[in-house]
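These notes are about the structure you will find just below.
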């Protein structure tokens with residue numbers, strides 16, 4: 001016979017169980033999203049907008065966690081982890097993705113992009129679909145892109161008006177053969193460094209300068225260790241936001257729709273506000289550093305010096321892909 005004390009204990013336990021079950025069912029699916037730039041950057045604001053939209057639309061069932069400033073490791077490490085599935089999402093430029101998908105180097109062939117508008121039309125169109133398909137085969141599902149903008153020559157030694165002024169300059173570049181060959185063609189000595197090493201590298205004279213986007217010079221305080229900027233716009237860069245493909249394919253249609261719509265909102269906002277951020281950054285840098293504006297005629301020798309490197313990458317990128325990129329981007 002069950003005593004009244006035991007009966008009360010069992011009834012009490014039974015009353016607790018229904019409360020515990022929904023809590024387990026509602027546990028959020030966490031998506032860790034890492035990138036290399038500071039928390040104060042527009043890119044991270046776009047990420048937080050994405051995270052907020054995902055949380056609201058999913059009723060808290062999907063939770064996106066932001067990890068700026070390479071908190072989850074170097075860019076290459078993060079992309080490796082996304083590919084393996086131990087990290088869910090990462091934002092990186094095409095040059096970093098090229099370590100996994102060689103044809104992504106096409107976006108960083110020097111002076112290939114005519115404008116940010118042409119770039120977005122290309123990545124959102126048939127050419128972009130082709131490149132995203134290559135990314136998927138390597139394990140990355142592209143869920144969106146954020147505009148970075150023009151990359152320019154920055155150094156601590158002297159003004160650069162022509163390729164002749166590049167002779168002997170040790171310039172930090174992304175670890176990509178396209179960047180290395182491009183800056184060799186300009187007469188510089190390219191040095192591949194992780195972004196976390198640039199500031200100290202210039203400060204300690206390991207390198208003389210770098211090639212960098214204007215807002216990132218402000219966000220990462222690179223103006224403290226450099227003196228000169230040449231606005232050559234050798235690359236118009238973007239972040240590709242890549243998710244582990246297996247994770248994406250394992251999501252329900254509803255979850256995929258939430259991710260897609262939230263990222264579309266984030267991307268539309270970021271592409272709209274980034275041009276003003278670039279203009280504001282340039283205005284601020286003009287008060288801090290010596291800025292060299294190049295006319296079209298002055299820029300042409302940089303284009304001419306680097307165009308011969310294109311055939312060197314026909315084998316790794318694909319000649320057809322390069323030809324398509326020239327039509328879509330230039």
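Remarks
- Cut-off 16 Å (backbone N to label point 7 Å along Cα→Cβ of residue 28), residues of the stretch 59-98: 59-68, 88-89
- Taking other C-beta atoms within 10 Å as the exposure proxy, 158, 152 rank 158, 152 from fewest upward.
- Rounded to 10°, Cα long-axis angle of helix 4-25 versus longest principal axis of the chain: 20
- Separation of the residue 199 and residue 184 label points, Cα + 7 Å toward Cβ, nm: 3.2
- Overall, the ratio between the Cα radius of gyration of the stretch 23-329 and 2.2 N^0.38 Å, rounded to two decimals, is 1.00.
- Ranked for footprinting exposure by Cβ neighbours inside 10 Å, fewest first, 267, 241 give 267, 241.
- Candidates 106, 273, 123: whichever shows maximal mean-square fluctuation once the chain is modelled as a Gaussian network with Cα springs under 10 Å: 273
- If the chain linking residue 293 and residue 261 were pulled fully straight, counting 0.36 nm for each residue of separation and taking away their Cα-Cα distance, it would gain 7.6 nm.
- Cα long-axis angle, helix 296-306 against the chain (0 to 90 degrees, to the nearest 10): 80
- Per-residue Cβ neighbour counts within 10 Å put 58, 252, 330, 266 in the sequence 252, 330, 58, 266, beginning with the fewest.
- Bridge type composition, the chain - antiparallel percent by DSSP, nearest 5: 55
- Distance between the 7 Å Cα→Cβ label points at residue 40 and residue 221: 0.9 nm.
- The stretch 23-329: relative contact order as a whole-number percent, Cα under 8 Å and 6+ apart: 26
- Between 0 and 90°, nearest 10: helix 42-57 axis offset from the chain longest Cα axis: 20
Taken together, the values in this text are just the output of simple stated rules run on the coordinates, not laboratory data. In this text, all values refer to a predicted model and were calculated from it rather than measured experimentally. Cβ: placed from backbone, ideal geometry, glycine included. Neighbour counts: every protein chain shown.
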